[in-house]
Amino acid sequence: MNNLPKQYSPRNTEARWYKHWIDKGYFRSDPDDRTPYSMVIPPPNVTGVLHMGHMLNNTIQDVLVRRARMHGYNTCWLPGTDHASIATEAKVVAKLKSEGIDKKKLSRQEFLQHAWDWKEKHGGIILEQLKKLGASCDWERTCFTMDDTLSESVIRVFVDLYEKGLIYRGVRMVNWDPKALTALSDEEVVHKEVRSKFYYIRYRISGSDEFVAIATTRPETILGDTAICIHPEDPRYKHLIGKKALVPLINRPVPFIQDEYVDREFGTGALKVTPAHDINDYNLGIKHNLPSIDIFNEDGTLNEHAEIHIGEDRFTAREKISRELEAKGHLVKVEEITNSIGYSERTDEAIEPKLSLQWFLTMDALAKPALDVVMNDTIRFHPPKFKNIYKHWMENVRDWCISRQLWWGHRIPAYYLPDGRFVVAQSRDEALLIARQKYDQTLSDRDLKQDEDVLDTWFSSWLWPISVFNGINEPENKEIRYYYPTNDLVTAPEILFFWVARMIMAGLEFRNEIPFRNVYLHGIVRDKQGRKMSKSLGNSPDPIALMDTYGADGVRVGMLLCSPAGNDLLFDESLCEQGRNFCNKIWNAFRLTQSWEVDHDLGQTTEANTAIRWFESNLNKALATIDDHFKKYRIADALMTVYRLIWEDYCSWYLEMVKPDYQKPVDAATYKATTGFLNTLLRTLHPFMPFISEEIYQRVKGEEDAVSITVAPMPKACHFDKELNEKFWFARQVIMAIRNLRQEKNIPAKEPLELYIKKNNDEKPDITFDGLVKKLCNLSHLGYVKTKPEGSHSIIVKSTELLIPLEQHVDAEEEIKQLEAELTYQEGFLHKIEKKLSNEKFVRNAPEKVISLEKKKQKDARAKIGVIRKQLEKLKGGL
């Protein structure tokens, strides 16, 4: 005891144990004869630093991995980072700009050298931070999506899909980010409801004084109009067929076309058609063979095709054009509306629909098998509610725009000849060979020019579970055959299609096998007001600071306590404090047991033996519950079961039962059982709180126990005595009722009480826990009676009356008042139960276990009501 600190100190513990685990190689994995458990980390952006979402995600992963390790699996949790093309290039460009360097004045190679330098300096920060959290990754396997092996995998896959005819190059309407100067896939666009304006604009009919009005939220795009579309059955505009309208401000004549696509009830029923800047207009343009006029430069400024306001930003031009329209009599009115606008997920810039020559991956053929394996539960989603969202996405999938107009990333392996033809190949040398064979034997290396674009970052991430084991380049290597498919994937629902769906597609396409068996989807971390955490709101705490304050174990518990699968979690720092308090509770319980003097000659009391039998039974029941929670991926529920088992059952009940009297020794058998239980509890706790569990385990483990709790066996649930557990639950209610009475009547805990127990309804007394009730309630006498002693206070537990003689006068009227209130409550409770049981639908559909529980509640309530009524009769008869 003299060597034990009074308080547990995470600061003095966590770094020491983490270094020990690394030095001993406990997290290292190589293929062997054991059953593997593998999981890949969702690779954080190389630009990233730890935020609360990472904390939650990696805590859940670490819980699963540590538990699997303790179950004897050969666990491999593989970490790494994502090169994050858009985000990283933006960071590097900003850094260069701060140093007075313009990216446009650098060669590609010069810029990439700056990017690699930046990556080497900043790229490992987040992984080092995960170590502070306790993440038990195999750090020797750390991967980066632009490592040579992974890059080779990406290029090989591109070539393979191109040769299969699934990758093609073409002009399509894409989502253009004018800030990042690149195309984006549909999944990289975030739609927001924003306040906008609806402009009603008059177009004059050519050769007449007649006007037709159209409505638009983007008056600047009228400069790209090439038609006005009306519904063929709209009588208001039939007379305009064959005529032309003049685009305001520039007087370009455009035809009227007819199409059922137009909604006659929306706006004015006449639709301006701008094929270059709206996906629906683009489709109309193809259908009606309309010209396409692109009026925007890549940075969102107007180009020469706009004819006016050339070089001005699109939003500046909008304001100026709206004023000019009004000044020239073309603006009918402006309405305030709310509409959905797409923004770049990376730069938060308003997306510009733009016709662009890009590379695309055909998705239909890949999506069908990837949908089937989820819907038939070959891959299980936890919670399963996300299957419907997944199904909707996969049934409405569009071709994936995979090219990005950036330099940082995997360069597209397409090589162009001087005449514009191209070949796709794994390398430049291979491309030259193919080009000579296919086109011209005299071609030289100088005649080839590689595509300037890089691939979408997700095009490397979708291969992650395969490429980290080199399964693309060497499909039959030992590691991919041993570790693939992985067991679990832990991620957030917002990247369900971005990443999860695409990994499933890749796994089935390139290995004919699913990439993982289970997908655990956790929610978004929000503040306690329900707002998403962000720097701008200032509501996102620094995870490192939290761990410095509460310890990694405390923060892990705080995160998990408010984290039901699939639902957003409302984070409150007080939960981390609760986690730290839990650490202190465990530490104090350990210190208490270490303070006991052990007498090896002392016999064990009946009460201690009973307490041990009960706790062992209760422990096994809890272990079975925890196992069930893990099977159903109810991680938060599993933690709460462990939390209550330790805090309530072990600390608050069991230790109080077996604790020796002041300055008295404890017998050896009880002490051995008590420290044995603590050992079991620590091993059960370890996946959630790895540091404090190791610190105490090292002090209580026996000679035959594992050298570290990290590799110690997870306790297994054994048979438990259901009847004994139920008996204790009743005894517990008795103890709590007497303690409450002491509090109500201000009776000191040191003052002994007498307890007389009156059983009703021919129930027989059970004395199993009577000795413990006497000890924990400080009773000088506990006996059973058939009649109520005079002057005794009455408490009802189920149908049993607890009769306690009190020196002070018992107020009969007050007791009647309390009993009547209790009767009203019990009758209301019974009414609800009987209403539920009389519901045929409930009885037909509810599990048998639920029905049995409701019937038991009904029986107990009826018994208690009967006892209360008898008591009221006696009390009222005595007044």
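The values are calculated or read from the model by the stated rules, or taken from the named source; none is laboratory data. In this text, all values refer to a predicted model and were calculated from it rather than measured experimentally. Virtual Cβ from ideal backbone geometry, glycine too; neighbours counted across all protein chains shown. These area figures cover heavy atoms from the full protein model, side chains too; ligands, DNA and RNA do not enter into them. Shrake-Rupley method; radii C 1.70, N 1.55, O 1.52, S 1.80 Å.
Can you pull out every residue in segment 629-667 that is of a type in the set (A, V, I, L, M) and open to solvent by less than 30 Å² (accessible area, probe 1.4 Å)?
Ile635, Ala636, Ala638, Leu639, Val642, Leu645, Ile646, Leu655, Met657, Val658, Val666
Quick one: count up the residues across segment 679-700 that are within 26 Å of the chain's Cα centre (by Cα) and either part of a helix (DSSP H, G or I) or basic (Lys, Arg) (or both).
The total comes to 7.
Checking the condition open to solvent by less than 10 Å² (accessible area, probe 1.4 Å) and not in a helix (DSSP H, G or I), which residue from Gly523, Gly558, Gly554 passes?
Sole residue among the options that is open to solvent by less than 10 Å² (accessible area, probe 1.4 Å) and not in a helix (DSSP H, G or I): Gly523.
Only one residue in Lys874, Lys855 is within 30 Å of Ser792 (Cα to Cα), assigned to a helix (DSSP H, G or I) and open to solvent by 80 Å² or more (accessible area, probe 1.4 Å). Which one?
Lys874
Does any residue of segment 498-515 turn out to be part of a strand (DSSP E or B) and out of contact with any Asp or Glu (no Cβ under 7 Å at 6 or more places or on another chain)?
no
Matching residues to (1) closer than 22 Å to Val468 by Cβ; (2) among the acidic types (Asp, Glu); (3) touching a Lys or Arg at 6+ places or on another chain (Cβ under 6 Å):
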| residue | (1), (2), (3) |
| --- | --- |
| Glu479 | yes, yes, no |
| Pro485 | yes, no, no |
| Asp488 | yes, yes, no |
| Glu509 | yes, yes, no |
| Glu513 | yes, yes, no |
| Leu521 | yes, no, no |
| Ser534 | no, no, no |
| Leu546 | no, no, no |
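Considering segment 648-694 alone, what residues qualify as being more than 23 Å from Met70 (Cα to Cα) and of a type in the set (A, V, I, L, M, F, W, C)?
Cys651, Trp653, Leu655, Met657, Val658, Val666, Ala668, Ala669
Within the group Val850, Val867, which residue is open to solvent by less than 90 Å² (accessible area, probe 1.4 Å), part of a helix (DSSP H, G or I) and more than 21 Å from Ser799 (Cα to Cα)?
Val850
Can you tell me which residue among Arg428, Arg446, Arg421 is farther than 24 Å from Asp186 by Cβ, out of contact with any Phe, Trp or Tyr (no Cβ under 9 Å at 6 or more places or on another chain), open to solvent by 10 Å² or more (accessible area, probe 1.4 Å) and not hydrophobic (A, V, I, L, M, F, W, C)?
The conditions single out Arg446.
Go through segment 654-674 and give me each residue that's in contact with a helix residue (DSSP H, G or I) (Cβ under 8 Å, 6 or more places away or on another chain) and farther than 15 Å from Gln604 by Cβ.
Residues satisfying the conditions are Leu655, Glu656.
Residues to consider are Glu326, Glu298, Glu304; find the one that is surrounded by fewer than 19 Cβ atoms within 10 Å (Cβ to Cβ), farther than 21 Å from Ile201 by Cα, acidic (Asp, Glu) and over 43 Å from the mean Cα position of the chain (by Cα).
Glu304
Got a number for residues in segment 675-730 being of a type in the set (Asp, Glu) and open to solvent by less than 50 Å² (accessible area, probe 1.4 Å)?
Looking only at that region, the number is 2.
Where the second residue is surrounded by 20 or more Cβ atoms within 10 Å (Cβ to Cβ) and among the charged types (D, E, K, R) and the first is within 18 Å of Pro43 (Cβ to Cβ) and touching a residue at least 40 places away in the same chain (Cβ under 8 Å) and lies in segment 476-497, which pairs have Cβ atoms under 7 Å and are six or more apart or on separate chains?
These pairs meet every condition: Phe497/Glu187.
List, please: which pairs have Cβ atoms under 8 Å, are six or more places apart or on different chains, and start with a residue in segment 55-72 that is in contact (Cβ under 8 Å) with a residue 60 or more places away in the chain and end with one that is open to solvent by 10 Å² or more (accessible area, probe 1.4 Å) and assigned to a helix (DSSP H, G or I)?
Qualifying pairs under 8 Å: Arg67/Phe630; Arg69/Val711; Met70/Arg683; Met70/Val711.
From (1) farther than 27 Å from Glu395 by Cβ; (2) open to solvent by 50 Å² or more (accessible area, probe 1.4 Å); (3) not in a loop (DSSP other than H, G, I, E, B), pick out the condition that doesn't hold for Asp348.
Only one criterion in (1) farther than 27 Å from Glu395 by Cβ; (2) open to solvent by 50 Å² or more (accessible area, probe 1.4 Å); (3) not in a loop (DSSP other than H, G, I, E, B) is unmet by Asp348, namely (3).
Select, from Leu569, Leu508, the only residue that is crowded, with 17+ Cβ neighbours inside 10 Å, at pLDDT below 95 and of a type in the set (A, V, I, L, M).
Of the residues listed, the single one that is crowded, with 17+ Cβ neighbours inside 10 Å, at pLDDT below 95 and of a type in the set (A, V, I, L, M) is Leu569.
Within segment 652-666, can one find any residue that is within 31 Å of the chain's Cα centre (by Cα) and assigned to a helix (DSSP H, G or I)?
No; the residues of segment 652-666 include none that is within 31 Å of the chain's Cα centre (by Cα) and assigned to a helix (DSSP H, G or I).
Based on this model, can you work out whether Leu782 counts as over 30 Å from Pro847 (Cβ atoms), buried (at least 16 other Cβ atoms within 10 Å of the Cβ) and at pLDDT 90 or above?
Yes: the conditions hold for Leu782.
Does any residue of segment 178-198 turn out to be touching a residue at least 60 places away in the same chain (Cβ under 8 Å) and touching a helix residue (DSSP H, G or I) at 6+ places or on another chain (Cβ under 6 Å)?
Yes; the residues of segment 178-198 include at least one that is touching a residue at least 60 places away in the same chain (Cβ under 8 Å) and touching a helix residue (DSSP H, G or I) at 6+ places or on another chain (Cβ under 6 Å).
Considering each of Leu166, Leu130 in turn, give the residue that is modelled with pLDDT of 90 or more, within 30 Å of Tyr26 (Cβ to Cβ) and aliphatic (A, V, I, L, M).
Leu130
Across segment 463-478, what is the number of residues that are more than 21 Å from His522 (Cα to Cα), assigned to a helix (DSSP H, G or I) and touching a strand residue (DSSP E or B) at 6+ places or on another chain (Cβ under 9 Å)?
Selection size over segment 463-478: 1.
Counting only residues that are open to solvent by less than 40 Å² (accessible area, probe 1.4 Å) and within 24 Å of Lys179 (Cα to Cα), how many does segment 270-280 have?
4
Check segment 60-74 and report whether any residue there is at pLDDT 95 or above, surrounded by fewer than 19 Cβ atoms within 10 Å (Cβ to Cβ) and among the small types (Gly, Ala, Ser).
Within segment 60-74, one or more residues are at pLDDT 95 or above, surrounded by fewer than 19 Cβ atoms within 10 Å (Cβ to Cβ) and among the small types (Gly, Ala, Ser).
Regarding Leu246, is this residue within 19 Å of Ser322 (Cα to Cα) and either acidic (Asp, Glu) or open to solvent by 10 Å² or more (accessible area, probe 1.4 Å) (or both)?
yes
Listed here are the residues, each with its yes/no results for (1) at pLDDT below 95; (2) part of a helix (DSSP H, G or I); (3) open to solvent by less than 30 Å² (accessible area, probe 1.4 Å); (4) more than 30 Å from Met559 (Cβ to Cβ).
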| site | (1), (2), (3), (4) |
| --- | --- |
| Phe582 | no, yes, yes, no |
| Asn588 | no, yes, no, no |
| Arg591 | no, yes, no, no |
| Gln604 | no, no, no, yes |
| Thr610 | no, yes, yes, yes |
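Of the conditions (1) more than 27 Å from Tyr756 (Cβ to Cβ); (2) open to solvent by 60 Å² or more (accessible area, probe 1.4 Å); (3) touching a residue at least 12 places away in the same chain (Cβ under 8 Å); (4) not acidic (Asp, Glu), Arg862 satisfies every one except a single condition; which number is it?
(1)
Starting from segment 710-738, take each residue that is farther than 22 Å from Leu782 by Cα and list its partners that are polar (S, T, N, Q), counting only C-beta distances under 7 angstrom and pairs at least six apart or across chains.
Close Cβ pairs satisfying both conditions: Pro715/Thr680; Pro715/Thr684; Ala717/Asn620; Cys718/Asn620; His719/Asn620; Phe720/Ser617; Phe720/Asn620; Asp721/Ser617.
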